[in-house]
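Encoded as structure tokens, the structure appears first; notes follow it.
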Amino acid sequence: MKRILVCEDEDVIRDFVVINLQRAGYTVVDVNSGEKALQVYDEQDGDFDIALLDITLPGMDGFTVCKRLRERSSTMGIIFLSARTQEMDKVSGLMLGADDYVTKPFSPSEVVARVDAVYRRVSMMAGISRASAVIESGPFVLNLKSRTLSKNGEPIELTQVEYQIMELLMKNRGIALERARILGEIWGNQVYSDVKIVDVNIRRLRIKVEDEPSAPVYIQTVWGFGYKWGLE
């Protein structure tokens, strides 16, 4: 069953989102504060595929809720719904572990399409256990069965988006991948997202996998084009 936690303090917007997600086949639990979102998540043992979070909430803001949820689950999908359009707000949300960012006002079809795209990734992670191969590159081992990454035998905790980017890069070792291709492969061509979301996730990945993130060796930038995995 497709379960979503919606955290939005404006009743009209929350009802609008809930109704459209229910029509799209999702089971929705809605709350109006960050504190309640974490309480419900814990009470229901984290039985949610996706969380939709407003940023400006009474009390605990959406950024804090995102951080707390990410501490509880690296695989849950998280999408921000916000009236904030500043680039820094988007980057901050993505750096905290969110998968996508939808700016208000938004249409029902846009919200459902973004949720569908994230849900497909979450479902793929849950059902991929039939795979058994691993990809080895330098000190890294990417396990396609457990969908985990280790470096020198030490596990690196990844969100589901970060894992998919690593898988795409490591399967195309030495090949320059255009930002638009990464966007399409990970977020889906049918969903509009700014290619900036690729850059932010790469930045977050470098913090986790590089010895020196400011001088990346493994995830290399191909200037004016995209990125490539630097090890053969």
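The values are calculated or read from the model by the stated rules, or taken from the named source; none is laboratory data. Not measured: the values here are computed from a predicted model. Because the Cβ atoms are built from the backbone with ideal geometry, glycine has one as well, and the counts that use them run over all protein chains shown.
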Residue 45 versus (1) exposed (fewer than 15 other Cβ atoms within 10 Å of the Cβ); (2) acidic (Asp, Glu); (3) in a helix (DSSP H, G or I): which is the lone unmet condition?
(3)
Kindly check whether there is at least one residue in segment 179-188 that is in contact with a strand residue (DSSP E or B) (Cβ under 6 Å, 6 or more places away or on another chain) and either in contact (Cβ under 8 Å) with a residue 12 or more places away in the chain or of a type in the set (S, T, N, Q) (or both).
yes
Out of (1) at pLDDT 90 or above; (2) part of a loop (DSSP other than H, G, I, E, B); (3) under 30 Å from residue 9 (Cα atoms), what's the single condition that is false for residue 113?
(2)
Which residue is surrounded by the fewest Cβ atoms within 10 Å (Cβ to Cβ), if the candidates are limited to segment 11-42 and must be touching a residue at least 40 places away in the same chain (Cβ under 8 Å) and hydrophobic (A, V, I, L, M, F, W, C)?
16
From the list 207, 182, which one is exposed (fewer than 13 other Cβ atoms within 10 Å of the Cβ) and either in a helix (DSSP H, G or I) or of a type in the set (Val, Ile, Thr) (or both)?
207
Has segment 167-176 got any residue that is of a type in the set (A, V, I, L, M, F, W, C) and modelled with pLDDT under 85?
no
Unmet criterion (only one of (1) in contact with a Lys or Arg (Cβ under 9 Å, 6 or more places away or on another chain); (2) small (Gly, Ala, Ser); (3) more than 23 Å from residue 119 (Cβ to Cβ)) for residue 188:
(3)
Being among the β-branched types (Val, Ile, Thr), crowded, with 17+ Cβ neighbours inside 10 Å and within 24 Å of residue 72 (Cα to Cα): is that true of residue 4 here?
yes
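So that you can scan it fast, the table gives a plain yes or no per residue for (1) touching a strand residue (DSSP E or B) at 6+ places or on another chain (Cβ under 7 Å); (2) modelled with pLDDT of 90 or more:
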position: 65; (1), (2): yes, yes
position: 68; (1), (2): no, yes
position: 73; (1), (2): no, no
position: 77; (1), (2): yes, yes
position: 88; (1), (2): no, no
position: 92; (1), (2): no, no
Collect the residues in segment 11-42 that are among the aromatic types (Phe, Trp, Tyr) and outside any helix (DSSP H, G or I), keeping them in residue-number order.
26
Here is a check on your reading of the model: is residue 77 crowded, with 16+ Cβ neighbours inside 10 Å, touching a residue at least 60 places away in the same chain (Cβ under 8 Å) and within 12 Å of the chain's Cα centre (by Cα)?
yes
When residue 100 is evaluated against the numbered criteria (1) buried (at least 19 other Cβ atoms within 10 Å of the Cβ); (2) in contact with an Asp or Glu (Cβ under 9 Å, 6 or more places away or on another chain), which criterion, by number, is the only one it fails?
(2)
